[in-house]
Amino acid sequence: MIYIVLILILVGADQLSKYLVDTTMFEGETLPLVSNFFHITYVKNRGIAFGLFQGKLDIIGVATIIAIVAIAYFLYKERKKMSIIEQLGFIYILAGAIGNMIDRVFRGYVVDMIDFRGIWSYIFNLADVWINMGVIFIIVDQLFLKKRRKHEEDK
């Protein structure tokens, strides 16, 4: 049950941020929060990460649905074998995938707005942040924490 609540909170935060941008800004409009470094910039992304596969929503949609179902099933079946960090990783990835899928289904595009101009030229959203955080949680768990648990079990 806690998984569902956390997923709902993460998807809710993502969808609220997208709603606010979609209803208060024009496409291409930018609001500098830290001049020449961090802006809120409204972009409609009709592809996936880094703008790949623009206009291929049918392929992206099918792949995303398969990924969401597979991740949810894997998390449900394997949760007792996973550490909390690994579980959080899959929860964050699932929430991010659901958040962007909602956009594709109901808007026909994904709303992106987080614009770090001082770091790279890509614009993204909270769902993308959740997916990346999830991947980081899983990598940290696999590289560092899993080794520590194995070492402690061997003692």
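Bear in mind these aren't lab numbers, they're just calculated from the coordinates by the rules spelled out. These figures come from a predicted structure and were not determined experimentally. Note: ideal-geometry Cβ built from the backbone for every residue, glycine included; neighbour counts use all protein chains shown.
In table form, for the structure just shown:
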quantity	calculated
Exposure proxy order (Cβ contacts within 10 Å, fewest to most) of V110, V11, V105	V105, V11, V110
Summed residue charge, Cβ within 11 Å of Y109's Cβ, Lys/Arg positive, Asp/Glu negative	+1
Sites F38 and A67 - FRET efficiency at Förster radius 35 Å, r taken between beta-carbons, to 0.05	0.70
Stretch gain in nm, segment I2-K77, where the contour uses 0.36 nm per residue and the Cα spacing is subtracted	25.4 nm
Using θ = phi - 60° and Karplus 6.51 cos²θ - 1.76 cosθ + 1.60, couplings along region 109-123 (whole Hz; Gly, Pro as x)	7, 9, 7, 10, 8, 7, 10, 8, 5, x, 10, 7, 9, 8, 10
Net lengthening on full extension, F26/I102 (0.36 nm per residue, minus Cα-Cα)	25.3 nm
